[in-house]
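Read the figures in this text as sums done on the coordinates, not as results from a lab. This is a predicted model, so every value here is computed, not measured. All Cβ positions, even for glycine, are placed from backbone atoms using ideal geometry, and neighbour counts span all protein chains on display.
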């Protein structure tokens, strides 16, 4: 069991990097971004090395486990471990952080080099701290430890939104903080409650000890479920507790928005599938109708509001609300294909949203405005930017051949076998997604070149390095999602068993025959 | 003559375990010695001597406490005449019970007092938080003359030590009279200390007077309650009282309990006995405010624990509902009213009220977890609040000639502090986050402990009220952070005084403790648990 502590190492490397960046003496501060990039790349290398050691045939079980006592008086352990879902999420974070570091290379340009360097130091140090927290939250196998990372993560994000952003940054940062904390603190009571329902003792917070509990009453289980679910729904974000996201995403610098929407919001859906379902199976099944309805509302509402936005960062944020609706729909549809689709969607959405935010950020930097109406004819002025943006946008509307298509189809197909109405409405939303992406593209990129956009430079080499890996992943996973699905499927199967649901019998005899033949 | 002789013949010499009292005696002795030094030493030597004496006394006391911890001398056994005063450390009629909860609390008080002393030793002219002459009329020629002469009110530290010794006894008192004496011993020096601020002296003296009047009122309520309890049970001793009360509680007792509770809750600063807190915290010299917020809270909660969980344990059904109501009111009022404060010291005062409410939720859980979580919370909060007030003392205004003047306590003056003094702002942010209860700080561990105690005692709804209040409280902690980091620096000159190594050390120690108790709280939690497993004479 106690082999090389992969997860602790992966968590520590960015933290060390952050400490180094933070402690840089005045003369070396301009190296902050290089150091941050190196450390995030080393982390990525370690994650890749760990992934090669990952036993795909046992992807449903927790691997690379570490277990130490931390606060035995509370029953808290320092317990880490990842299964297939955890691995993909850690990998997603590890890939996105260096990309965001590179994308935020020239963040803070006020014309005063010393002051810029000083603020960049805090920016890159915070990004690295955030990476540590992200690894921790995806790897935690102790409910208390998970909660600690879940809440502590707010602090670096809060400063990243508040200190490096647009005119309403303070408002957005405070709104983000209050929403998250309100959800998180209610979850705290549920965290205490679930421990008291469990076996207790010095390691009573271990997820394994709390899985499959006999709750003293269904009411208690539902209350505890609500405590966890609301916190995750705020994070995810789900209608009606999504309103912090558009503000935060519109104000934050693009690199931060990527981490916020691409990774942090996944903590919400990750928590639903790895904590809520196994810990509260009966209550989860009881809540399915409500969650399905809320998910469908999120899908449609997010899409409709996206169409109406004039600020492109807000638009992308609302598309994410819609996409997260798909993810929660998939998780709570309780079929293996829907859940596999949802978990795959978590990965794909990370990359496609990252590409949209980053390319949009590059254009905003050039034009000095986030308003869609301020652009026009970018296709001719900046063909590379426009082209890659189109690819990312197409991934956003789930074009076949791009990664999100597969996950969206899996979710809809998996949902259809149980909840036809929900699946049908969700499919209609696909049309809406075509509307918001294509309308935005049309208004910004096509048409005659407008005067202010004529002179804008196209993508430079650094930016190409930012975008290229994302586009490559989007296309690759669009054609060949099998490696990721192989890792995810066993983990999803484990979850399904823990919740105690099975896939519904196929609707037609023919399909049933095929099923038996396999 | 014969009467006296007869009385003398009846007099039973108290049997005193001096070893168990040694930590208190060290502090009390140093306080008395400090007063004598004031009379004997030349003026220029006094300050240094007082500092050395105070630090030495507290360190010695801490060492003695740790020796006692290994084997607390108290034992419950022989029963003397009920109500006899003075038989220390053994028997049912203990006046002072040196058991593990008492030792834990006394050590906590001594440690935070050490930090508090560090914030009070820098007495050069612009740094001195205390007036040069406490007796001078504010704004008088005499005051100006004493200021120009560079006088220093060196009696501060002996007074502080007196208060500390009172607090130490307060947490260990085994009968209501000892408790009252300790209450006065800790309060009277504080009344004086509150009135000694160097600047805004009228405000400071008003604070002192308010504290004195309301404090006397609280003491009187306590004393009246103690008298009623004595009338009903024929004893002031907590152990004997709990035995008598087993057989039911007449109305007289209930009235007494409520009055005694009122007196103790006054010291805690719980709603509805909180009205003095904001004014006194604002008016008092900031190092004294920090000391009061940290140490007085520890002492008062220690006494509450002992009175409620030990002496009045049989009446749990009587006082528990009262405590529940007080806890809810305290959390809500403290958190909500703090939101509208524009002065940092007032805000911290209301925050301390809210924290008192959080601790009270643990007291509602009458069990081991309730005791241990209270012990941990008061210590963790003590470090944080002391550090926070020490930072407040460093942020100053500047006058037109660039002289450093009073503290910049208006929140607007803190705008942009993060750009000008990143380290100081960073540390203060840490304290704010700890008070808000963010994980990996001591505040989170403490809040988790008290809320889980409440939930496990079946008061889940109280914990929910607690977290909702915490969420509201986060708003004003975060607002300070927003001001420091995301706002443009204020136009008027706010400055951070440099070159205060002792205050800086206190801030640093507070910050280190805040982080350690958040990241590796297990050792201290274990101490608290040990204290709680065999509490009160066990």
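Annotations
- Scaled radius of gyration (Cα, divided by 2.2 N^0.38 Å) that segment B:186-231 gives: 1.46
- Here the calculated FRET efficiency for residue B:400 and residue B:520, from their Cβ-Cβ distance with R0 = 51 Å, stands at 0.55, rounded to the nearest 0.05.
- For segment B:382-427: span of alpha carbons on each principal axis (Å, largest first): 36, 21, 16
- Value of relative contact order over segment A:6-504, rounded to a whole percent, pairs C-alpha under 8 Å and six or more apart: 16
- The eigenvalues of the Cα gyration tensor, multiplied by 5 and square-rooted, give chain B an equivalent ellipsoid with semi-axes of 37, 28, 20 Å from largest to smallest.
- When the convex hull of its Cα atoms is projected in every direction, mean area for segment A:454-497 (nm²): 5.1
- Across chain A the C-alpha pair distances fall into 10 Å bins from zero in the proportions 4, 20, 31, 27, 13, 4, 1, 0 percent.
- Maximal additional length on extending the residue B:48-residue B:70 stretch stands at 4.5 nm, based on 0.36 nm per residue less the C-alpha distance.
- Using a Förster distance of 51 Å, the FRET efficiency for residue B:534-residue A:12 (Cβ separation, nearest 0.05): 0.80
- Over segment A:1-110, all Cα pairs binned in 5 Å intervals from 0 give whole-percent P(r) values of 2, 11, 18, 19, 16, 13, 10, 7, 4, 1, 0, listed from short to long.
- Estimated inter-spin distance, residue A:464 and residue A:450, nm [label 7 Å along Cα→Cβ]: 2.8
- Averaging Cα coordinates gives a centre for segment B:304-379 and one for segment B:402-421; these two points are 32 Å apart.
- Taken over segment A:309-405, the convex hull of the Cα atoms encloses 83 Å³ per residue.
- The simple spin-label model puts a point 7 Å past each Cα toward its Cβ; for residue A:369 and residue B:497 those points are separated by 5.3 nm.
- Rounded to 5, percent antiparallel among DSSP beta bridges of chain B: 90
- Estimated FRET transfer efficiency (residue A:409, residue B:41; beta-carbon r; R0 60 Å; 0.05): 0.10
- Estimated distance in nm for a label pair at residue A:30 and residue B:316, the labels positioned 7 Å out from Cα along Cα-to-Cβ: 6.9
- Structure-based [θ]222 nm, chain A - -39500 (n - 2.57) summed over DSSP H runs of at least 4, per residue, nearest 500: -23000 deg cm²/dmol
- For the protein assembly as shown, the calculated P(r), taken from all Cα-Cα distances in 20 Å bins from zero up to the bin holding the longest distance, is 13, 39, 31, 14, 2, 0 percent.
- Once divided by 2.2 N^0.38 Å, the Cα radius of gyration of segment A:168-214 becomes 1.66.
- From helices alone, chain B scores -23000 deg cm²/dmol at 222 nm; the rule is -39500 (n - 2.57) for each run of n ≥ 4 DSSP H residues, then divide by the residue total.
- Segment A:105-145 - Rg and Dmax from Cα coordinates, angstrom: 15.2, 47
- Across segment B:244-308, Cα-Cα pairs more than 14 Å apart make up 65 percent of the total.
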